[in-house]
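Here the structure comes first, spelled out in structure tokens, and everything after it is commentary.
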Amino acid sequence: MRIQVKNRLVMTKGIVSARLESSSSDRYAWVWVSPLRNGTFRVSTVEIPKRLIDEGDCFGEEDVERVHVRTVVDIPEIDEVVRGLGVDPDALDAPWHSDFPL
């Protein structure tokens, strides 16, 4: 994981994400890492139907599929879990850098 991403997670408690291979050809997917108040990190996957994003439609929580992958204690564990999902930990960045529809 790049140092500025680690700093985002640890110092500013900001979320990071990266594109991920989706479970279906009609969805976009991301791996999502969010710091928790107790100092651990939640690693999740997020999938959203392509049509909603491609057409610029509004969507809500009911359209988003989230899967909690694991809660981890430190950065090396994040790297391990992200690699296990098929994503290079160096690809993690602020969500707007991975085209996550905020």
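How many nm separate the modelled label positions at LEU36 and GLU21, each set 7 Å beyond the Cα in the direction of the Cβ?
It is 2.8 nm.
Would you mind working out the accessible area per residue for the chain, using a 1.4 Å probe, and quoting it in Å²?
For the chain, the per-residue accessible area is 58 Å².
Please work out how much length the chain gains when fully extended from HIS68 to ALA94, using 0.36 nm per residue of separation minus the C-alpha to C-alpha distance, in nm with one decimal. Display every interim value, and only then the final one.
Details: separation 26, 0.36 × 26 = 9.36 nm, distance 1.91 nm.
This chain segment gains 7.5 nm when fully extended.
Residue farthest toward the positive end of the dipole of the chain, with Cβ of Lys/Arg at +1 and Asp/Glu at -1: which of ALA18, THR45, VAL5?
Towards the positive end, the residue furthest out is VAL5.
Determine the dipole magnitude for the chain: charges of +1 sit on the beta-carbon of Lys and Arg, -1 on that of Asp and Glu, nothing else is charged, the reference point is the Cα centre, and the result goes in debye to the nearest 20. Could the numbers behind the result be given before it?
Working: 13 positive and 18 negative charges, 103 e Å.
For this selection, approximately 500 debye.
Across 10 Å bins from 0, what is the distribution of all Cα-Cα pair distances for the chain, in whole percents?
Per 10 Å bin, starting at zero, the Cα-Cα P(r) for the chain comes out as 16, 50, 28, 7 percent.
Quick check: at a probe of 1.4 Å, how many percent of the accessible area of the chain sits on carbon and sulfur atoms?
Of the solvent-accessible surface of the chain, carbon and sulfur hold 49 percent.
How far is helix 75-84 tilted, in degrees, relative to the longest principal axis of the Cα atoms in the chain, given as a value from 0 to 90 rounded to the nearest 10?
40
Pop out the Kirkwood hydrodynamic radius of segment 2-62 from its pairwise C-alpha distances, inverse of mean 1/r, in Å to one decimal.
Working: mean 1/r = 0.0765 Å⁻¹.
Roughly 13.1 Å, rounded to one decimal.
Would you kindly work out the equivalent ellipsoid of segment 62-101 from its C-alpha gyration tensor and give its semi-axes, the square roots of five times the eigenvalues, largest first in whole Å? Numbers along the way, then the final one.
Working: eigenvalues 74, 44, 17 Å².
Equivalent ellipsoid of segment 62-101: 19, 15, 9 Å, largest first.
The values are calculated or read from the model by the stated rules, or taken from the named source; none is laboratory data. Worth saying up front: this structure is predicted, and the values here are computed from it rather than measured. Ideal geometry is used to build each Cβ from the backbone, glycine not excepted, and the neighbour counts take in all protein chains shown. SASA here: full protein model, heavy atoms, side chains in, ligands and nucleic acids out. Shrake-Rupley method; radii C 1.70, N 1.55, O 1.52, S 1.80 Å.
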